[in-house]
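J.: Attaching a single structure in C-alpha cells format; questions to follow.
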C-alpha cells in the first residue's frame, strides 16, 4: 500500500482479463485508496473488475481518439479530477516475420502504440491544467529492448512505447511525469505454461533469470504504484525493468 495515493483518481486500461497484469494493477491501486476507472474494449469481465476494486467501468476502444477523449471526459465528470493513467492494454502477435499478415501487424501497432499515445494525449490535456499535474505509467516489455524470435510486431510496438515514454516525459515536464514498467516473465497463464513446458525448459529458464522463477503479477502492480506516487517524484522518462534480473545478461535474447 502506498499511502500518498489515497483519494487520487486513476484510469487503467486493459483490465478485463481476471488473470492479467491490468487486473492486478487496478487491485493494487485500489488497495492504496485510489479511485480506479477500468477501461477495456473487452466487456466480458470489465464490470466485474470494476466492482472488485470499487471503481467504475468504461468500455473503450483505445484505437479511437474520440473514445479516449470520452474516457477522460467521463472520468472528470464522475470524479472531477484525473491524477494517474496506466496504459496496460495490449495485444500479442507471435509469428515468424515472413508469415505476419499486414492487417495483424497494423492491429498490434494500433492497439499497443497508437492506443497508448491517444490515451496519453487525452489524459495529459487534463493533467496539464490540474494543480498537482499527474503521473503516466506505460506498460512496456523486455521485448522492446531485446530481440525475441517470432515477435517482431510486438517487440516493435513495445520499443515504440519506450521511445514515446521518454519523448512525452520531455514534452510534459515538469507538470506530468511519464515512466514505463517493462515486465519480464510474469506468472500469467501463457508464461506459466512456458515455464512448465518441460524440466529442461525450466532449467534453461532458471539459468537466464537470476531469481530463478517467474514473477508475480503483484510485482508489476507494486512498481506501477511506486511510479504513480510522490515517492518517485524525481523520476521521469525512465523504463523500469521488473524481470528478476533477466535483462542483466549481456546480449540476452528474449524468447
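The numbers here are math on the coordinates, done by the rules we state, and not lab data. Everything numeric in this text was worked out from a predicted model, so none of it was measured. Here the Cβ is made from the backbone with ideal geometry for all residues, glycine too, and neighbour counts use every protein chain on show.
J.: Sorted by average packing, counted as other Cβ atoms within 10 angstrom per residue and highest first, what order do 175-181, 27-33 take?
T.: Final packing ranking: 175-181, 27-33.
J.: Which FRET efficiency value, to the nearest 0.05, do you get for residue 66 and residue 130 by plugging their Cβ-Cβ distance into 1/(1 + (r/R0)^6) with R0 = 22 Å?
T.: The value I calculate is 0.50.
J.: For residue 231 and residue 98, compute 0.36 nm times the residue count separating them, minus their Cα-Cα distance, and round to one decimal in nm.
T.: Full extension from residue 231 to residue 98 adds 43.4 nm.
J.: Return P(r) of the chain (all Cα-Cα pairs; 5 Å bins starting at 0; whole %; ordered from short to long distances).
T.: Going from the shortest bin to the longest, the percentages are 1, 7, 14, 18, 21, 17, 11, 7, 3, 1, 0.
J.: Here's something else I'd like to know. Sorted by average packing, counted as other Cβ atoms within 10 angstrom per residue and highest first, what order do 52-61, 138-147, 70-79 take?
T.: Result, highest mean first: 138-147, 52-61, 70-79.
J.: Any idea how far the Cα center of the range 33-63 sits from the one of the range 211-245, in Å?
T.: Between the Cα centre of the range 33-63 and that of the range 211-245, the gap is 22 Å.
J.: Inverting the mean 1/r over all pairs of different Cα atoms, compute the Kirkwood radius of the range 49-194 and quote it in Å.
T.: Result for the range 49-194 stands at 16.3 Å.
J.: Does anyone have the angle between helix 217-228 and the longest principal axis of the chain? Alpha-carbon axes, 0 to 90°, nearest 10?
T.: Roughly 40 degrees, rounded to the nearest 10.
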